[in-house]
Every structure is written in C-alpha cells, then in structure tokens.
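Here is the structure we will look at, set down as structure tokens.
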Amino acid sequence: MPTRDVPLPAAAIAELDAAWAAYRTALRQSDRWTLDRLAPVVQAADAAGWSTRRIAADFDLTRKHVGILLGRPGGPDPALAGASEEALNRAWRRASARVANRRERATAHLATVLRAGKAAGWSYRSLSSTLGVTAERLRQIATDPIPSEATPVTCFHRESGDPSPEERFTQLSAEETATFRALADQARTNHTGPESAVARVVSERLSAMIHEARQRGVRWVELDEACGYAPGSARARAARHGYERLAPSRRAYAPVPSASS
C-alpha cells in the first residue's frame, strides 16, 4: 500500500542523518576519536610496567580492547612518563569521562532532533524509515534526558502553505463508524458454528473496508476504535487478509470459496 506520509523536508533529512551518524560514531569503541583519547593513557600504563591483565582490570576493559589500544600509533602520553599509579588512574578517568561526555552529547542531540520531528507531526515510523532502523529504537532514544541548554531544532518546520503530516489523515463518518462496529461484532461469531459461512463473508468484507479506509488515509488507531479492537488489531486483521505485510509467525486467512468453485 503506498504511503501517505508527507515527505520530510530536505533539511530535516540532512539533520537527522547527521545526528544519527554522530550518535553511531560516538558509541563505537573502535572510533578513531575515542581510541586517540584512550590509547595514550593505556600505553603509559604499559610503559610503567603494568601487565595487560592489570590494565584491563583497573581500567575496566577487555584484554582484546587493551591490545587494540596498545597497538595505536602515537605512543604514551609524555605527561604521564614516570607517573604514579594514582596519576595513571586519574588520567584514565579523565579520558573516559571525555568519551562518555561525547556519547551523552551525541545521544542528547539525536533525542532533540527526534522529539522535534515528532512534535512537528512525523511519526517515529516515518523518521525510522529514513534511517533504516526500527521505530521502537528511535522512540527509546528520544526518551533520553535532554540538557536545558540544548540547541532548538527548526529543520522540521514547514513552509507556509505546506501540508502538515497530520493533514494526510481523513476521518470516518458516524455512519461508517457504526458500520465498522456492526461488522466487527458479526465477524466475532464462532467460525465453527452454523453461522460460520456468513461470519466469514462478513469478516472478509470488514477487512476489505479496513483496507479501503486506509487507502483514504484513515488512521489505524481510529479503525481500531471503530471496530472495538485493541490497539494494532485492525492492522493485524488486514495483514491476515493479505492487505498488509504478514509477520512470519502469523497464519494467513483462507478465503471463503466462491459459489462457482
């Protein structure tokens, strides 16, 4: 089914891509910026005679990570030549704090961008499709605390006259809502009883109507409410009847044979 989402502004896509890239980079242990901050301290500890096991234990690293840091070019921090154990640990804490602060800033900026997009009317699903990640992951990131001094994000603002993402939706009429509820109640009939054939025909008609309403831009949440369903049930029904992508764990609906078959 073709999406009805209003395209993200080019500036918003660029901002979102940049924030996501900075976030991913800041989280990587193998990032060059991170390695260049940590390696001089680890190499200074090595030059002071510390074993790989001790460096890993005192600096809370894996031995593999210690080996990577020891292999970085540049050598030990000259300021730590002949440094005491306390000085080396203090230097490590400072370097680690710089790395952690960078990660926190990158996460906070991405959360700021995501919240701005959500506030402007785009769903996490729309934002996630731009990045190729799940909407749930973006939702989780967006819940991270944001510093009060965070720079406001304005790239999601629309030009005057541009449609809002919300304007792509239409609403069911009162008559349509009543019809959806009546059909949903009929479709709940036990499909193994004497009324099973009628119930299955009604079920197919209901799913077709859900699909048609979605084509017009009716929200899934409104369709759930109209049918008296739990959240997500209308979409699951449409998927079982072939109108949406069906999860591998779900069984597709077997349609009622036509009278001529």
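Okay, residues lined up against (1) under 30 Å from residue 212 (Cβ atoms); (2) among the small types (Gly, Ala, Ser); (3) under 32 Å from the mean Cα position of the chain (by Cα):
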| residue | (1), (2), (3) |
| --- | --- |
| 30 | no, yes, yes |
| 45 | no, yes, no |
| 58 | no, no, no |
| 82 | no, yes, no |
| 92 | no, no, no |
| 98 | no, no, yes |
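Conditions tested, residue by residue: (1) among the charged types (D, E, K, R); (2) surrounded by 12 or more Cβ atoms within 10 Å (Cβ to Cβ).
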{"site": "75", "(1), (2)": "no, no"}
{"site": "79", "(1), (2)": "no, no"}
{"site": "84", "(1), (2)": "no, no"}
{"site": "101", "(1), (2)": "no, no"}
{"site": "111", "(1), (2)": "no, yes"}
{"site": "118", "(1), (2)": "yes, yes"}
{"site": "127", "(1), (2)": "no, yes"}
{"site": "133", "(1), (2)": "no, yes"}
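Is one or more of the residues making up segment 35-44 within 17 Å of residue 101 (Cβ to Cβ), touching a residue at least 60 places away in the same chain (Cβ under 8 Å) and surrounded by 14 or more Cβ atoms within 10 Å (Cβ to Cβ)?
Yes, some residue in segment 35-44 is within 17 Å of residue 101 (Cβ to Cβ), touching a residue at least 60 places away in the same chain (Cβ under 8 Å) and surrounded by 14 or more Cβ atoms within 10 Å (Cβ to Cβ).
Could you please let me know if residue 72 is within 30 Å of residue 152 (Cβ to Cβ), out of contact with any strand residue (DSSP E or B) (no Cβ under 9 Å at 6 or more places or on another chain) and at pLDDT below 95?
Criteria not met by residue 72.
Looking at (1) surrounded by fewer than 18 Cβ atoms within 10 Å (Cβ to Cβ); (2) among the aliphatic types (A, V, I, L, M); (3) at pLDDT 95 or above, which one does residue 91 not meet, given that it meets all the others?
Only one criterion in (1) surrounded by fewer than 18 Cβ atoms within 10 Å (Cβ to Cβ); (2) among the aliphatic types (A, V, I, L, M); (3) at pLDDT 95 or above is unmet by residue 91, namely (1).
With respect to residue 62, is the statement that it is in contact with an Asp or Glu (Cβ under 8 Å, 6 or more places away or on another chain) and among the polar types (S, T, N, Q) true? Working first, answer last.
On the way: in contact with an Asp or Glu (Cβ under 8 Å, 6 or more places away or on another chain): no; among the polar types (S, T, N, Q): yes.
Here the answer is no, as residue 62 does not meet what is asked.
Could you list, in sequence order, the residues of segment 10-53 that are at pLDDT below 90 and either outside the structural domain of residue 96 (by TED's automatic domain parsing) or among the aliphatic types (A, V, I, L, M) (or both)?
10, 11, 12, 13, 14
The values are calculated or read from the model by the stated rules, or taken from the named source; none is laboratory data. The model shown is predicted, which means the values in this text are computed figures rather than measured ones. No Cβ is skipped: glycine too gets one built from the backbone with ideal geometry, and neighbour counts run over all protein chains shown.
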